[in-house]
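The values are calculated or read from the model by the stated rules, or taken from the named source; none is laboratory data. Predicted, not measured: the structure shown is a model, and the values here were computed from it. Cβ placement follows ideal geometry from the backbone for every residue including glycine, while neighbour counts extend to all protein chains displayed. Note: areas computed on protein heavy atoms with side chains; ligands, DNA, RNA excluded. Shrake-Rupley method; radii C 1.70, N 1.55, O 1.52, S 1.80 Å.
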Amino acid sequence: AAWLRSLPTLMPVPEDQFQAEIQRRAAAVPDPEHRQAELEKSELAEMRLSRELCKQAGLEFQGFTGLLPNAQHNGRVGLGVSFMTDAGPHQCIGFDDRAILVNSETEEVVCEIETEE
């Protein structure tokens, strides 16, 4: 309780007003399209590829959970990211010539795409 009192800008909101408060605050963000475009430009290629692979596999991308700097699959090492989908946890691993979508629980390759070298 003391920690909560130490946050002077914390605003308790009744549950029935919570979504409206989120919408109000989101609407107050200046130029959200530009901010989103700038964020997407600065993403790792594997993050963009993750969304593309999910789309190709018919999965709903739900959010990133981690970076895998030395991700391995079948003896190859690449940069990977882990994320959640509507079908559970997955990984995108980028190699020089392709990126693969791997089901984190079964280690099965769901799909792959060729990438620019």
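Residues in the range 90-111 that are part of a strand (DSSP E or B), open to solvent by 40 Å² or more (accessible area, probe 1.4 Å) and under 23 Å from Glu40 (Cα atoms): Gln91, Arg98.
Within the range 58-77, restricting attention to residues that are within 14 Å of Val109 (Cβ to Cβ) and either in contact (Cβ under 8 Å) with a residue 40 or more places away in the chain or exposed (fewer than 15 other Cβ atoms within 10 Å of the Cβ) (or both), the residue that is nearest to the chain's Cα centre (by Cα) is Leu59.
Among the numbered conditions (1) open to solvent by less than 30 Å² (accessible area, probe 1.4 Å); (2) assigned to a helix (DSSP H, G or I), the only one that Lys55 does not meet is (1).
The residue that is nearest to Glu43 (Cα to Cα), counting only those in the range 78-89 that are buried (at least 19 other Cβ atoms within 10 Å of the Cβ) and small (Gly, Ala, Ser), is Gly80. Being at positive phi and either of a type in the set (S, T, N, Q) or modelled with pLDDT of 95 or more (or both) is the filter here; which residues of the range 42-65 pass it? Correct list: Gly58 only. The single condition among (1) part of a helix (DSSP H, G or I); (2) surrounded by 10 or more Cβ atoms within 10 Å (Cβ to Cβ) that Leu4 does not satisfy is (2).
So for the range 35-57 (the condition being free of Cβ contacts under 8 Å to residues at least 24 places away in the same chain and in contact with a strand residue (DSSP E or B) (Cβ under 6 Å, 6 or more places away or on another chain)), does at least one residue qualify? The answer is yes, given that some residue of the range 35-57 is free of Cβ contacts under 8 Å to residues at least 24 places away in the same chain and in contact with a strand residue (DSSP E or B) (Cβ under 6 Å, 6 or more places away or on another chain). Kindly check whether there is at least one residue in the range 18-40 that is open to solvent by less than 40 Å² (accessible area, probe 1.4 Å) and in contact with a Leu (Cβ under 8 Å, 6 or more places away or on another chain). Scanning the range 18-40, I find no residue that is open to solvent by less than 40 Å² (accessible area, probe 1.4 Å) and in contact with a Leu (Cβ under 8 Å, 6 or more places away or on another chain), so the answer is no.
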